[in-house]
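What follows is a short report on a single structure.
The values are calculated or read from the model by the stated rules, or taken from the named source; none is laboratory data. Fair warning: this is a prediction, and the values are worked out from it, not measured in the lab. Quick reminder, even Gly has a Cβ in these numbers, built from the backbone with ideal geometry, and neighbours come from all protein chains shown.
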């Protein structure tokens, strides 16, 4: 299958517009990582100070954990810092490792996704292909996410693969086991460091309640919502303006579901090297030119979920 179609930036932007919208900033790139950790630290501190705030801290922290994964994604595109070593250090140790991912492994996988977006060779196709599903099916998925079942399954498989267990002996076994180990060891190391720091501060319990619990619950839910919104039930798998979706998010959605401009996913696929902090500006310029009318743009995550769960229950039972 040929690679996904591309759009040339200068077909839609003037040279001056493109130079402005594509400009990268080490300050903004690094600042987003520091911002994610500042929000996590403040939410933890507030919940430690007033335990009644734990119920609010969990979704805030879980969304910022997704934010760390989003910033790992930004590092995969070289967007956190113009210095490659600094970019990769930030992306690996401050973004990927704490949430159980690995920058180098993710980069190769993700660039393949961009090359073959929504084509049979797309490694992310399995995330969007099953949709639309029934409301019952979506509800089951959400329950599994919020009760930690998804997290436990993913981590069990990851740790089993790291130990060389649970995967068939085949040509790719060693590579898969090695990839799992490369993610597991930094994950364990950074999480032990957080546990040690919180223990020394006299709040060992906060690691389990205010880091691990959000990671196992809310983070799993919003990661699923992100995956659904980005590529599920898109109208045209071959159109570079309509094989990914931009979701216009409200303030509370940006806080609890879609941090760091991840909702501008159509623009990201159209111009994958745009820094994440420039995506809103790109969207505004495209809107002024009337181009967003040709793109896949929806308002709010609830509307996307309704589309993604529109399969009739009776039709599903008959199938």
Criterion (surrounded by fewer than 16 Cβ atoms within 10 Å (Cβ to Cβ) and either touching a strand residue (DSSP E or B) at 6+ places or on another chain (Cβ under 7 Å) or within 16 Å of residue 256 (Cα to Cα) (or both)) met by exactly one of 10, 56, 66, 34
56
Taking residue 27 and the conditions (1) buried (at least 16 other Cβ atoms within 10 Å of the Cβ); (2) over 21 Å from the mean Cα position of the chain (by Cα); (3) assigned to a helix (DSSP H, G or I), which numbered condition does it fall short on, given that it satisfies the others?
(1)
Please indicate, with yes or no, whether at least one residue in the stretch 77-86 is assigned to a helix (DSSP H, G or I), surrounded by 19 or more Cβ atoms within 10 Å (Cβ to Cβ) and either modelled with pLDDT of 95 or more or touching a helix residue (DSSP H, G or I) at 6+ places or on another chain (Cβ under 6 Å) (or both).
no
The lone exception for residue 255 - which of (1) surrounded by fewer than 22 Cβ atoms within 10 Å (Cβ to Cβ); (2) touching a helix residue (DSSP H, G or I) at 6+ places or on another chain (Cβ under 9 Å); (3) modelled with pLDDT of 95 or more; (4) more than 18 Å from residue 70 (Cα to Cα) it fails:
(4)
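Sort out for me the helices (runs of 4 or more DSSP H) sitting completely within the stretch 208-304 that have 1 or more residues that are under 15 Å from the mean Cα position of the chain (by Cα) and more than 17 Å from residue 77 (Cβ to Cβ).
Fully inside the stretch 208-304 and qualifying: 213-216, 218-231, 251-256.
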Identify, from the list 149, 220, 154, 178, the residue that is surrounded by 13 or more Cβ atoms within 10 Å (Cβ to Cβ), closer than 27 Å to residue 47 by Cβ and at pLDDT below 95.
154
Scanning the stretch 76-85 residue by residue, those more than 9 Å from residue 30 (Cα to Cα) and more than 18 Å from the chain's Cα centre (by Cα) turn out to be 82, 83, 84, 85
Being in a helix (DSSP H, G or I) and more than 16 Å from the chain's Cα centre (by Cα) is the filter here; which residues of the stretch 113-141 pass it?
115, 135, 136, 137, 138, 139, 140, 141
For the stretch 90-100, does any single residue satisfy the condition of being out of contact with any strand residue (DSSP E or B) (no Cβ under 9 Å at 6 or more places or on another chain), outside any helix (DSSP H, G or I) and within 18 Å of residue 271 (Cβ to Cβ)?
no
Residues being modelled with pLDDT under 90 and touching a helix residue (DSSP H, G or I) at 6+ places or on another chain (Cβ under 8 Å): count how many of those fall in the stretch 226-240.
1
Lone unmet requirement of (1) under 30 Å from residue 45 (Cβ atoms); (2) modelled with pLDDT under 90; (3) not in a helix (DSSP H, G or I) for residue 183
(3)
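Could you please give the count of residues in the stretch 104-120 that are farther than 27 Å from residue 186 by Cα and either in contact with a helix residue (DSSP H, G or I) (Cβ under 7 Å, 6 or more places away or on another chain) or buried (at least 17 other Cβ atoms within 10 Å of the Cβ) (or both)?
Residues meeting the conditions: 3.
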